[in-house]
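Have a look at the structure below, then the notes.
Just so it is clear, none of the values below were taken in a lab; they were calculated from the coordinates. Since we're looking at a predicted model, the values are computed, not measured. Please note: Cβ atoms are built from the backbone with ideal geometry, for glycine as well, and neighbour counts cover all protein chains shown.
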Amino acid sequence: MALINENFLKLKAGYLFPEIARRVKAFTEANPEGAARLIRCGIGDVTEALPEAVRYAMHEAVDEMGDRGTFKGYGPEQGYDFLRNAIADNDFKARGLEVSADEIFISDGSKCDTGNILDIFGAGNKIAITDPVYPVYVDTNVMIGNTGEADENGAYAGLTYLKCSPENGFVPDIPEEKVDLIYLCYPNNPTGAVATREQLTAWVAYARKHGSILLYDAAYEAFIQDESIPRSIYEIEGARECAIEFRSFSKNGGFTGVRCAFIVIPKTLLGYQKDGTAYPIHPLWSRRHSTKFNGASYIVQKGAEALYSDEGKSQIKALIEHYMGNAALLVEAVKAIGLPVFGGVNAPYVWVGTPNGLTSWQMFDKMLNEANVVITPGSGFGSAGEGYFRISAFNSRANVEEVCRRLAAL
Ligand SMILES: *Cc1c(COP(=O)(O)O)cnc(C)c1O
């Protein structure tokens with residue numbers, strides 16, 4: 001009798017994006033005209049073409065694969081040195097940060113990394129997540145057995161929810177209680193908020209005091225416009241003793257379909273055995289990664305390396321300017337109709353308060369039926385997201401301009 005992992009049965013059935021897809025399908029089947037006008041500002045996926053520098057490098061890599069002399073089979077599980085060095089030099093050393101190439105592990109995505117990281121942590125950790133939150137952090141903890149059942153609001157027993165609201169700038173207050181693992185994502189998906197140096201300094205101090213680890217998701221760092229906002233947790237003194245950073249090429253380089261990301265695990269980061277003995281995290285992840293992963297594709301890593309060339313950097317800059325230009329238009333359009341608006345300044349997401357006390361899903365239906373625009377209901381990211389909706393700036397300029405016109409007509 002093959003037993004299943006019953007933790008999966010705790011997962012809530014109505015996962016956000018399938019429910020959005022169901023409602024959109026029902027709408028388009030009933031309204032062919034509305035379907036033709038439909039603009040999707042829902043799922044956070046990039047829309048613009050892969051940078052030329054990346055395509056060129058990948059073509060070259062494909063040709064190398066086609067020649068017996070330069071063909072590559074399995075590569076190093078942690079990633080090729082050419083990419084690890086490019087990351088260490090450009091993302092960290094050039095900014096005066098101490099992260100060495102062998103503290104960087106290349107993977108095929110941050111979604112997998114943020115889920116897989118739980119392999120190396122023990123049972124019994126107190127886990128804190130923000131509310132609202134990127135659902136992957138929650139569901140992966142449910143799957144591995146770190147939670148109890150969900151209540152009627154979808155909150156899982158055993159998880160510590162850190163409420164994010166306009167009052168705290170959507171950056172959670174330091175909790176009274178002790179927690180062991182804390183997921184932070186800044187710039188934030190879904191709220192578009194950023195964390196200031198002071199706020200991150202407080203979190204690093206908290207983590208060091210309690211022997212906790214911050215799981216810092218910096219997937220959107222490239223969208224930061226304000227020079228005073230940290231782009232990496234390692235800009236905060238002491239973070240090498242308490243933080244793991246997740247980075248991805250998905251949003252800066254348009255790699256959502258190409259797949260490449262990395263984790264930084266400082267060699268100075270320690271966890272603890274039950275008897276209180278300290279143990280370094282780096283060798284644990286190294287072992288986990290090389291046992292369960294056989295390396296990202298050579299072709300893809302060559303493409304990622306090209307993002308650090310001069311051409312690659314300027315092509316990333318153009319992509320970011322495009323999306324942030326979209327975000328600025330959306331922020332203006334939402335302001336003009338008098339709705340409370342957050343984010344969209346250092347992040348490609350605009351977080352909007354619903355009008356007249358509508359719930360997030362009521363607003364979703366209103367936008368779908370009246371404006372033929374798909375947005376994401378805030379409540380899908382956690383109960384503190386109720387009363388908000390997210391508009392993604394990942395779109396063509398023409399679509400965003402049309403969405404702005406439709407918002408004005410709402
Ligand atoms: C898009 C996104 C990522 C990137 O995920 P990949 O698997 O690398 O594509 C990571 N974290 C958050 C919060 C995201 O929105």
| note | Going residue by residue through region 164-175, the Karplus relation 6.51 cos²θ - 1.76 cosθ + 1.60 with θ = phi - 60° gives ³J(HN,Hα) values, rounded to whole Hz and with x marking Gly or Pro, of 10, 8, x, 4, 9, x, 6, 10, x, 5, 5, x
| task | Give the residues of region 67-91 whose amide nitrogen is closer than 19 Å to a point set 7 Å from the Cα of Tyr56 in the direction of its Cβ. | result | 83, 86
| said: So if I restrict to the alpha-carbon atoms in region 1-78, what is the Rg, and what is Dmax, the biggest pairwise distance, in Å? | reply: 22.4, 58
| query | Based on Cβ point charges of +1 for Lys and Arg and -1 for Asp and Glu, what charge dipole magnitude is obtained for the chain about its Cα centre, in debye rounded to the nearest 20? | reply | 380 debye
| note | re the chain: pairs of Cα atoms spaced beyond 41 Å account for a percent value of 15 percent
| Farthest positive-ward along the chain dipole, Cα basis, beta-carbon charges - from Ser212, Val352, Leu368 | Leu368
| query | How far, in nm, would the chain grow between Leu270 and Ile43 when pulled straight, counting 0.36 nm per residue and subtracting the alpha carbon separation? | reply | 78.1 nm
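Rounded to the nearest 500, what is the chain's calculated 222 nm mean residue ellipticity when only DSSP H runs of at least 4 contribute -39500 (n - 2.57) each, over all residues?
Computed mean residue ellipticity for the chain: -10500 deg cm²/dmol.
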| said: Can you list which of the DSSP-assigned H helices in the chain have a Cα extent of 30 Å or more along the long axis and an average Kyte-Doolittle score of at least 0.0? | reply: 310-336
| query | Counting Lys +1, Arg +1, Asp -1, Glu -1, what net charge surrounds Gln199 among other residues with beta carbon under 14 Å of its beta carbon? | reply | -4
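Please sort 184-190, 296-302, 245-251, 64-70 by packing, taking for each peptide the average over its residues of neighbouring beta carbons within 10 angstrom, highest first.
184-190, 245-251, 296-302, 64-70
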| task | Output the peptides 54-62, 280-288 sorted from most to least packed, where packing is the average of other Cβ atoms within 10 Å over each peptide's residues. | result | 54-62, 280-288
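Please state the charge dipole magnitude for region 1-113, taken about the Cα centre, from unit charges on C-beta atoms (+1 on K and R, -1 on D and E), reported in debye and rounded to the nearest 20.
That gives region 1-113 a dipole magnitude of about 760 debye.
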| task | Could you check what % of the DSSP bridge pairs in the chain are antiparallel, to the nearest 5? | result | 55 percent
| task | State to the nearest 20 debye the size of the charge dipole of region 285-371 about its Cα centre, where the only charges are +1 on K and R beta carbons and -1 on D and E beta carbons. | result | 520 debye
| Across region 1-150, how large is the tail of the calculated P(r) beyond 20 Å, expressed as a percent of all Cα pairs? | 72 percent
| task | Anything over 32 Å Cα to Cα? Flag those among Lys251/Lys366; Lys209/Lys302; Lys163/Lys366; Lys25/Lys72; Lys93/Lys251, in the order listed. | result | Lys209/Lys302; Lys25/Lys72
| task | Show the residues, 5+ positions off or on another chain, whose built amide H is closer than 5 Å to the amide H of Ala243. | result | Leu214
| field | Of Cys260, Ala101, Ser165, farthest towards positive along the dipole that unit charges on Lys, Arg, Asp, Glu beta carbons give region 55-308 | value | Ala101
